[in-house]
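Asker: Got a structure for you, questions after.
The values are calculated or read from the model by the stated rules, or taken from the named source; none is laboratory data. Note that this is a predicted model, so its numbers are computed, not measured. Ideal geometry is used to build each Cβ from the backbone, glycine not excepted, and the neighbour counts take in all protein chains shown.
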Amino acid sequence: MIAAARTLSLSAPRLASSPRLCGLAGLRSLSTLKPSYDNIIVAPQPNGVGLVTLNRPKALNALCDALLDDLIHATEAMDADPGIGCIVITGSEKAFAAGADIKEMQSREFSEVFSKNMFKQWAKIADVNKPTIAAINGFALGGGCELAMMCDIMVCGEKAKFGQPEINLGVIPGCGGTQRLIRAVGKSKAMEMCLAGTMIGAEEARASGLKREAKWTHK
(Lines give C-alpha, C1' and ligand atoms only; values in the text may rest on other atoms or scores of the structure.)
Protein backbone atom coordinates (compact mmCIF):
# COMPACT_ATOMS: atom_id res chain seq x y z
CA MET A 1 0.00 0.00 0.00
CA ILE A 2 2.80 2.42 0.87
CA ALA A 3 4.54 1.44 -2.38
CA ALA A 4 1.42 2.35 -4.35
CA ALA A 5 1.20 5.62 -2.44
CA ARG A 6 4.78 6.42 -3.38
CA THR A 7 3.96 5.86 -7.04
CA LEU A 8 1.02 8.26 -6.77
CA SER A 9 3.17 10.78 -4.93
CA LEU A 10 5.42 11.09 -7.97
CA SER A 11 2.55 12.42 -10.10
CA ALA A 12 1.22 14.81 -7.47
CA PRO A 13 3.75 17.62 -8.08
CA ARG A 14 2.65 17.74 -11.73
CA LEU A 15 -1.00 17.81 -10.70
CA ALA A 16 -0.39 20.51 -8.10
CA SER A 17 1.35 22.72 -10.66
CA SER A 18 -1.73 22.98 -12.87
CA PRO A 19 -3.25 26.51 -12.94
CA ARG A 20 -6.64 25.29 -11.71
CA LEU A 21 -5.26 23.50 -8.66
CA CYS A 22 -2.82 26.29 -7.90
CA GLY A 23 -5.76 28.67 -7.86
CA LEU A 24 -7.65 26.43 -5.45
CA ALA A 25 -4.63 26.08 -3.20
CA GLY A 26 -4.27 29.85 -3.12
CA LEU A 27 -7.71 30.17 -1.58
CA ARG A 28 -6.63 28.18 1.46
CA SER A 29 -4.78 29.47 4.46
CA LEU A 30 -1.39 27.78 4.55
CA SER A 31 -0.68 25.69 7.63
CA THR A 32 2.13 23.48 8.85
CA LEU A 33 1.96 20.20 10.70
CA LYS A 34 1.85 20.40 14.47
CA PRO A 35 4.49 18.50 16.49
CA SER A 36 1.68 16.25 17.74
CA TYR A 37 -2.11 15.90 17.69
CA ASP A 38 -4.57 14.65 20.30
CA ASN A 39 -6.60 12.32 18.10
CA ILE A 40 -4.37 11.33 15.18
CA ILE A 41 -0.80 10.20 14.63
CA VAL A 42 1.06 11.82 11.73
CA ALA A 43 4.12 10.10 10.29
CA PRO A 44 5.57 11.37 7.01
CA GLN A 45 7.07 8.43 5.09
CA PRO A 46 9.97 8.29 2.61
CA ASN A 47 9.39 9.29 -1.02
CA GLY A 48 6.73 11.88 -0.37
CA VAL A 49 4.01 9.85 1.39
CA GLY A 50 2.16 11.37 4.35
CA LEU A 51 0.62 8.78 6.72
CA VAL A 52 -2.22 9.80 9.06
CA THR A 53 -3.52 7.26 11.60
CA LEU A 54 -6.81 7.92 13.39
CA ASN A 55 -6.11 7.40 17.08
CA ARG A 56 -9.13 7.06 19.37
CA PRO A 57 -8.85 3.31 20.07
CA LYS A 58 -11.23 3.23 23.03
CA ALA A 59 -13.98 4.77 20.85
CA LEU A 60 -13.09 2.67 17.75
CA ASN A 61 -11.92 5.91 16.14
CA ALA A 62 -15.36 7.51 16.33
CA LEU A 63 -15.22 10.78 14.42
CA CYS A 64 -15.67 13.48 17.05
CA ASP A 65 -15.27 17.17 16.23
CA ALA A 66 -11.77 17.27 17.75
CA LEU A 67 -10.58 14.33 15.63
CA LEU A 68 -11.96 15.93 12.48
CA ASP A 69 -10.27 19.22 13.35
CA ASP A 70 -6.96 17.37 13.72
CA LEU A 71 -7.47 15.42 10.49
CA ILE A 72 -8.42 18.50 8.48
CA HIS A 73 -5.47 20.48 9.84
CA ALA A 74 -3.00 17.68 9.05
CA THR A 75 -4.30 16.94 5.56
CA GLU A 76 -4.37 20.63 4.62
CA ALA A 77 -0.81 21.04 5.90
CA MET A 78 0.32 18.03 3.87
CA ASP A 79 -1.57 19.32 0.86
CA ALA A 80 0.44 22.55 1.07
CA ASP A 81 3.76 20.76 1.64
CA PRO A 82 5.70 20.37 -1.63
CA GLY A 83 7.63 17.46 -0.09
CA ILE A 84 4.47 15.34 0.21
CA GLY A 85 2.82 13.97 -2.91
CA CYS A 86 0.25 11.51 -1.52
CA ILE A 87 -1.70 11.18 1.74
CA VAL A 88 -2.72 7.86 3.33
CA ILE A 89 -5.43 7.83 6.01
CA THR A 90 -5.76 4.71 8.13
CA GLY A 91 -7.02 3.48 11.50
CA SER A 92 -6.39 0.48 13.71
CA GLU A 93 -6.58 -3.21 12.93
CA LYS A 94 -9.99 -3.32 14.64
CA ALA A 95 -11.52 -0.18 13.19
CA PHE A 96 -10.80 2.39 10.51
CA ALA A 97 -13.61 4.47 12.01
CA ALA A 98 -16.81 3.09 13.48
CA GLY A 99 -18.82 6.20 12.61
CA ALA A 100 -19.54 9.66 13.91
CA ASP A 101 -19.34 10.20 17.66
CA ILE A 102 -22.97 9.61 18.66
CA LYS A 103 -22.33 10.50 22.32
CA GLU A 104 -21.12 13.92 21.21
CA MET A 105 -24.08 14.44 18.89
CA GLN A 106 -26.99 13.09 20.93
CA SER A 107 -27.62 16.21 23.02
CA ARG A 108 -27.74 18.59 20.05
CA GLU A 109 -31.08 20.02 18.98
CA PHE A 110 -32.17 20.14 15.35
CA SER A 111 -31.94 23.94 15.25
CA GLU A 112 -28.29 23.81 16.33
CA VAL A 113 -27.40 21.10 13.81
CA PHE A 114 -29.16 22.91 10.98
CA SER A 115 -27.98 26.44 11.71
CA LYS A 116 -24.34 25.42 12.13
CA ASN A 117 -24.39 23.01 9.14
CA MET A 118 -22.83 20.42 11.44
CA PHE A 119 -21.12 18.30 8.79
CA LYS A 120 -19.89 21.14 6.58
CA GLN A 121 -16.25 20.79 7.61
CA TRP A 122 -16.16 17.13 6.51
CA ALA A 123 -16.09 18.28 2.88
CA LYS A 124 -12.59 19.68 3.41
CA ILE A 125 -11.22 16.12 3.28
CA ALA A 126 -12.61 15.67 -0.22
CA ASP A 127 -11.16 19.06 -1.22
CA VAL A 128 -7.56 17.91 -0.74
CA ASN A 129 -5.82 18.31 -4.11
CA LYS A 130 -3.21 15.59 -3.71
CA PRO A 131 -4.11 11.89 -4.10
CA THR A 132 -5.60 10.40 -0.93
CA ILE A 133 -5.77 6.71 -0.03
CA ALA A 134 -8.00 5.19 2.65
CA ALA A 135 -6.29 2.07 4.08
CA ILE A 136 -8.96 0.13 5.93
CA ASN A 137 -9.10 -2.80 8.29
CA GLY A 138 -11.95 -3.61 10.63
CA PHE A 139 -15.02 -1.39 10.76
CA ALA A 140 -15.65 1.49 8.36
CA LEU A 141 -19.23 2.31 9.30
CA GLY A 142 -21.43 5.37 8.94
CA GLY A 143 -19.19 8.41 8.94
CA GLY A 144 -16.18 6.09 8.73
CA CYS A 145 -17.41 4.66 5.44
CA GLU A 146 -18.19 8.17 4.22
CA LEU A 147 -14.69 9.36 5.17
CA ALA A 148 -13.20 6.45 3.21
CA MET A 149 -15.32 7.33 0.18
CA MET A 150 -14.04 10.91 0.29
CA CYS A 151 -10.59 9.54 -0.50
CA ASP A 152 -9.50 8.90 -4.08
CA ILE A 153 -8.62 5.22 -3.58
CA MET A 154 -9.65 2.60 -1.02
CA VAL A 155 -7.58 -0.45 -0.13
CA CYS A 156 -8.52 -2.80 2.69
CA GLY A 157 -7.60 -5.88 4.66
CA GLU A 158 -9.60 -9.08 4.73
CA LYS A 159 -11.35 -8.12 7.98
CA ALA A 160 -12.72 -4.83 6.66
CA LYS A 161 -16.45 -4.22 7.10
CA PHE A 162 -18.31 -1.41 5.34
CA GLY A 163 -21.79 -0.11 6.11
CA GLN A 164 -24.18 2.82 6.54
CA PRO A 165 -26.12 1.73 9.65
CA GLU A 166 -27.55 5.17 10.47
CA ILE A 167 -31.05 3.80 9.83
CA ASN A 168 -30.76 1.97 13.16
CA LEU A 169 -30.75 5.40 14.83
CA GLY A 170 -33.63 6.69 12.74
CA VAL A 171 -31.49 8.92 10.51
CA ILE A 172 -29.79 8.71 7.11
CA PRO A 173 -26.13 9.14 6.11
CA GLY A 174 -25.29 12.82 6.50
CA CYS A 175 -21.81 13.21 5.03
CA GLY A 176 -22.23 12.23 1.40
CA GLY A 177 -23.06 8.56 1.81
CA THR A 178 -26.34 8.82 -0.05
CA GLN A 179 -24.47 10.25 -3.05
CA ARG A 180 -21.00 8.69 -3.15
CA LEU A 181 -22.26 5.21 -2.27
CA ILE A 182 -24.69 5.20 -5.21
CA ARG A 183 -21.90 6.21 -7.59
CA ALA A 184 -19.66 3.45 -6.22
CA VAL A 185 -21.98 0.44 -5.91
CA GLY A 186 -25.14 1.40 -7.81
CA LYS A 187 -28.61 2.39 -6.66
CA SER A 188 -29.91 -1.01 -5.59
CA LYS A 189 -26.96 -1.96 -3.37
CA ALA A 190 -26.74 1.55 -1.94
CA MET A 191 -30.43 1.52 -1.04
CA GLU A 192 -30.01 -1.85 0.67
CA MET A 193 -27.07 -0.61 2.72
CA CYS A 194 -28.79 2.67 3.69
CA LEU A 195 -32.33 1.39 4.28
CA ALA A 196 -31.52 -1.97 5.87
CA GLY A 197 -28.21 -1.09 7.50
CA THR A 198 -26.56 -4.04 5.74
CA MET A 199 -22.80 -4.40 6.16
CA ILE A 200 -20.52 -5.84 3.48
CA GLY A 201 -17.08 -7.40 3.78
CA ALA A 202 -13.90 -6.80 1.83
CA GLU A 203 -14.64 -9.24 -0.98
CA GLU A 204 -18.15 -7.92 -1.59
CA ALA A 205 -16.81 -4.36 -1.46
CA ARG A 206 -14.34 -5.27 -4.19
CA ALA A 207 -16.96 -7.03 -6.31
CA SER A 208 -19.39 -4.11 -6.00
CA GLY A 209 -16.78 -1.50 -6.94
CA LEU A 210 -16.50 0.22 -3.55
CA LYS A 211 -12.78 -0.58 -3.26
CA ARG A 212 -9.99 -1.44 -5.67
CA GLU A 213 -8.58 -4.92 -6.25
CA ALA A 214 -5.44 -4.51 -4.13
CA LYS A 215 -5.34 -6.04 -0.66
CA TRP A 216 -3.63 -4.51 2.33
CA THR A 217 -2.22 -5.95 5.53
CA HIS A 218 -2.34 -3.80 8.67
CA LYS A 219 1.09 -3.44 10.27
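Asker: Which one is surrounded by the most Cβ atoms within 10 Å (Cβ to Cβ), of the residues in segment 143-163 that are aliphatic (A, V, I, L, M) and not in a helix (DSSP H, G or I)?
Answerer: Residues of segment 143-163 that are aliphatic (A, V, I, L, M), as a first pass: 147-150, 153-155, 160.
Those left that are additionally not in a helix (DSSP H, G or I): 153-155, 160.
Numbers: ILE153: 19, MET154: 25, VAL155: 25, ALA160: 28.
Once the filter is applied, the top-ranked residue is ALA160.
Asker: Right, next: Quick one: which of LYS211, LYS187 is more than 30 Å from SER107 (Cβ to Cβ), of a type outside the set (A, V, I, L, M) and surrounded by 24 or more Cβ atoms within 10 Å (Cβ to Cβ)? So that I can check it myself, show each step before the final result.
Answerer: Working: LYS187 fails: surrounded by 24 or more Cβ atoms within 10 Å (Cβ to Cβ).
Exactly one of LYS211, LYS187 is more than 30 Å from SER107 (Cβ to Cβ), of a type outside the set (A, V, I, L, M) and surrounded by 24 or more Cβ atoms within 10 Å (Cβ to Cβ), namely LYS211.
Asker: Right, ARG180: more than 18 Å from GLY99 (Cα to Cα) and either hydroxyl-bearing (Ser, Thr, Tyr) or part of a helix (DSSP H, G or I) (or both) or not?
Answerer: Values: more than 18 Å from GLY99 (Cα to Cα): no; either hydroxyl-bearing (Ser, Thr, Tyr) or part of a helix (DSSP H, G or I) (or both): yes.
Judged against the criteria, ARG180 is not a match.
Asker: Given the conditions (1) modelled with pLDDT under 95; (2) under 19 Å from LYS94 (Cβ atoms), report the number of the one that ALA140 does not fulfil.
Answerer: With (1) modelled with pLDDT under 95; (2) under 19 Å from LYS94 (Cβ atoms) applied to ALA140, the lone miss is (1).
Asker: Answer yes if at least one residue in segment 129-141 is surrounded by fewer than 20 Cβ atoms within 10 Å (Cβ to Cβ) and either closer than 21 Å to GLY48 by Cα or in contact with a helix residue (DSSP H, G or I) (Cβ under 9 Å, 6 or more places away or on another chain) (or both), and no otherwise. Break it down stepwise before answering.
Answerer: So the first thing to find is which residues in segment 129-141 are surrounded by fewer than 20 Cβ atoms within 10 Å (Cβ to Cβ), and the list is 129.
Narrowing further to those that are either closer than 21 Å to GLY48 by Cα or in contact with a helix residue (DSSP H, G or I) (Cβ under 9 Å, 6 or more places away or on another chain) (or both): 129.
So far as segment 129-141 goes, yes, one or more of its residues are surrounded by fewer than 20 Cβ atoms within 10 Å (Cβ to Cβ) and either closer than 21 Å to GLY48 by Cα or in contact with a helix residue (DSSP H, G or I) (Cβ under 9 Å, 6 or more places away or on another chain) (or both).
Asker: Does segment 164-184 hold any residues that are buried (at least 17 other Cβ atoms within 10 Å of the Cβ) and at positive phi, and which are they?
Answerer: The one that is buried (at least 17 other Cβ atoms within 10 Å of the Cβ) and at positive phi: GLY176.
Asker: Continuing with the same structure: Can you name the number of the only condition in (1) at pLDDT below 95; (2) under 22 Å from LEU33 (Cβ atoms); (3) of a type in the set (Gly, Ala, Ser); (4) touching a helix residue (DSSP H, G or I) at 6+ places or on another chain (Cβ under 6 Å) that ALA123 fails?
Answerer: Condition (4) is where ALA123 drops out.
Asker: Looking at segment 91-103, which of its residues are surrounded by fewer than 21 Cβ atoms within 10 Å (Cβ to Cβ) and in contact with a strand residue (DSSP E or B) (Cβ under 9 Å, 6 or more places away or on another chain)?
Answerer: Initially, segment 91-103 is screened for residues surrounded by fewer than 21 Cβ atoms within 10 Å (Cβ to Cβ), giving 92-94, 101-103.
Passing the criteria: SER92, LYS94, ASP101.
Asker: While we're looking at this one, here's another question. Sort through ASN47, ASN61, ASN55, ASN39 and tell me the only one that's of a type in the set (S, T, N, Q), at pLDDT 95 or above and touching a Lys or Arg at 6+ places or on another chain (Cβ under 6 Å). Give the derivation first.
Answerer: Details: ASN47 fails: at pLDDT 95 or above; ASN61 fails: touching a Lys or Arg at 6+ places or on another chain (Cβ under 6 Å); ASN55 fails: touching a Lys or Arg at 6+ places or on another chain (Cβ under 6 Å).
On inspection, the qualifying residue turns out to be ASN39.
Asker: Within segment 37-61, which residues are hydrophobic (A, V, I, L, M, F, W, C) and in contact (Cβ under 8 Å) with a residue 60 or more places away in the chain?
Answerer: Looking only at segment 37-61, we keep the residues that are hydrophobic (A, V, I, L, M, F, W, C), and these are 40-43, 49, 51-52, 54, 59-60.
LEU60, the sole residue that qualifies.
Asker: Would you check if ARG206 is basic (Lys, Arg) and closer than 21 Å to GLU93 by Cα? Quick ask: steps written out before the conclusion?
Answerer: Details: basic (Lys, Arg): yes; closer than 21 Å to GLU93 by Cα: yes.
When the stated conditions are applied, ARG206 passes them.
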